[in-house]
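Notes for the one structure printed next.
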Amino acid sequence: MKLLLKFNLVFLLVFAVGLGASAYLARDLLQRGAHDEVVEQARLIMESAAAVSTYTATQVQPLLQNQMKYTFLPQSVPAYSATEMVNALREMHPEYAYKPAMLNPTNPRDRAQDWEEDVIARFAKDKQLTEFIGQRETASGRALFVARPIRISNPACLSCHSTPAAAPATMIEKYGPANGFGWTLGETLGAQVVSVPMSVPFERASQAFAVVMGSLAAVFLLIGGALNLMLWKLVIQPVTRLSALADRVSMGELEAPEFAVRSRDEIGTLAESFARMRASLVQAMKMLDV
């Protein structure tokens, strides 16, 4: 087996092992990074919704108190404002979804689905749990969601949700007396949920993975080509010439030309050793002739 072939077989083995290990680590890191990035974006949407809710409750709602006596304005409800804000955001980023999922909502669009009820039950069971991150199967594929509990901590909020009799008449006129009542202070009433399809982050991770692995493979091939060229020029070619000259001398061609080499590496040392051996051989042959 030729030296160059042996070298390339070893290099390809190292290349395959290195590329495989790099692929495993790169895919894991990229997918984890994409997952964390989406979670942080979901948290940002959650915080934005909370900020809008606080703004509505502290600055918008007091301004609408007089009008609320004549007609109920859902814009005065913090959860409604937060949902509308995120719906406007979804026009530019439709992959994200936000919902204040409630077990007993005033607005029917906020009623929790089956899987959201399971999340709410988890918060109700563990009062110390403030955030839950999970995944679920949907019609369009796997989705990631971030959820936070909805609990009433301000007694003023119960003025509209304790009993139908205590609620504003305009709210009863708009939504009816059947839903959104019987809430108690500190009770886990629902969960804020931000969800995004997993295909979005994993598609980005796959694109980055392809770029990384393509670049890594190109670097490996470039290094392999450079090493092959160096091996051929610096080792194989000089050794082949020296071997051919040694064959001629061994067959009695003492007039064969000298092996010219100017390097001071191992090949140069070998050439000098061969030159001394050849001189000794020529001198020995002359002594035999005498």
note = Pseudo-spin-label distance THR184 to GLN59, built 7 Å along Cα→Cβ, given in nm, is 3.6 nm
request  = Could you give me the radius of gyration and the Dmax of the chain, taking only the C-alpha atoms into account and expressing both in angstrom?
outcome  = 39.2, 136
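Which peptide among 196-203, 158-165 comes first, and what is the full order, when sorted by highest mean count of other Cβ atoms within 10 Å?
Working: 196-203: 18.0, 158-165: 14.8.
With the highest mean Cβ count within 10 Å placed first, the list reads 196-203, 158-165.
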ask   = Beyond 19 Å, what share of the Cα-Cα pairs of the stretch 6-64 remains, rounded to the nearest whole percent?
value = 63 percent
ask   = Under a point spin-label approximation (7 Å from Cα along Cα-to-Cβ), what is the TYR70-LYS2 distance to one decimal in nm?
value = 9.6 nm
ask   = With point charges of +1 on the Cβ of Lys and Arg and -1 on the Cβ of Asp and Glu, referenced to the Cα centre of the stretch 145-251, which listed residue (SER243, PHE202, CYS160) lies farthest in the positive direction of the dipole?
value = SER243
Semi-axis lengths, Å, the stretch 55-97, gyration tensor of Cα atoms, sqrt of 5 times eigenvalues = 26, 10, 6
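If a/c stays under 1.5 just call it rounded; otherwise compare a/b with b/c (prolate if a/b is bigger, oblate if not). Do that for the stretch 1-150, with a ≥ b ≥ c from the square roots of the Cα gyration tensor eigenvalues. Provide the component values of the computation, followed by the final result.
Numbers: a/c = 3.99, a/b = 3.03, b/c = 1.32.
Prolate.
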query = Quick one: with all protein chains in place, what share of the accessible area of the chain is carbon or sulfur, to the nearest percent (1.4 Å probe)?
reply = 62 percent
ask   = Angle between the Cα long axis of helix 237-250 and the longest principal axis of the chain, 0 to 90 degrees, nearest 10?
value = 20 degrees
task = Could you check the simple spin-label distance between LEU9 and GLU117, using points 7 Å along Cα→Cβ, in nm with one decimal?
result = 6.7 nm
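Pull out a ≥ b ≥ c, the square roots of the eigenvalues of the alpha-carbon gyration tensor of the stretch 70-127, then state rounded if a/c is under 1.5, prolate if not and a/b is larger than b/c, and oblate in the remaining case. Please list the in-between numbers first.
Values: a/c = 2.44, a/b = 1.27, b/c = 1.92.
Oblate is the answer for the stretch 70-127, as a/c is 1.5 or above yet b/c matches or exceeds a/b.
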query = For the stretch 10-27, in order, what is each residue's ³J(HN,Hα) by Karplus, 6.51 cos²θ - 1.76 cosθ + 1.60 with θ = phi - 60°, in whole Hz (x at glycine and Pro)?
reply = 5, 5, 5, 5, 4, 4, 5, 5, x, 5, x, 5, 5, 5, 4, 5, 5, 4
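The values are calculated or read from the model by the stated rules, or taken from the named source; none is laboratory data. Owing to the predicted nature of the structure, the values given are computational and were not obtained by experimental measurement. We place every Cβ from the backbone using ideal geometry, glycine too, and count neighbours over all the protein chains shown. SASA here: full protein model, heavy atoms, side chains in, ligands and nucleic acids out. Shrake-Rupley method; radii C 1.70, N 1.55, O 1.52, S 1.80 Å.
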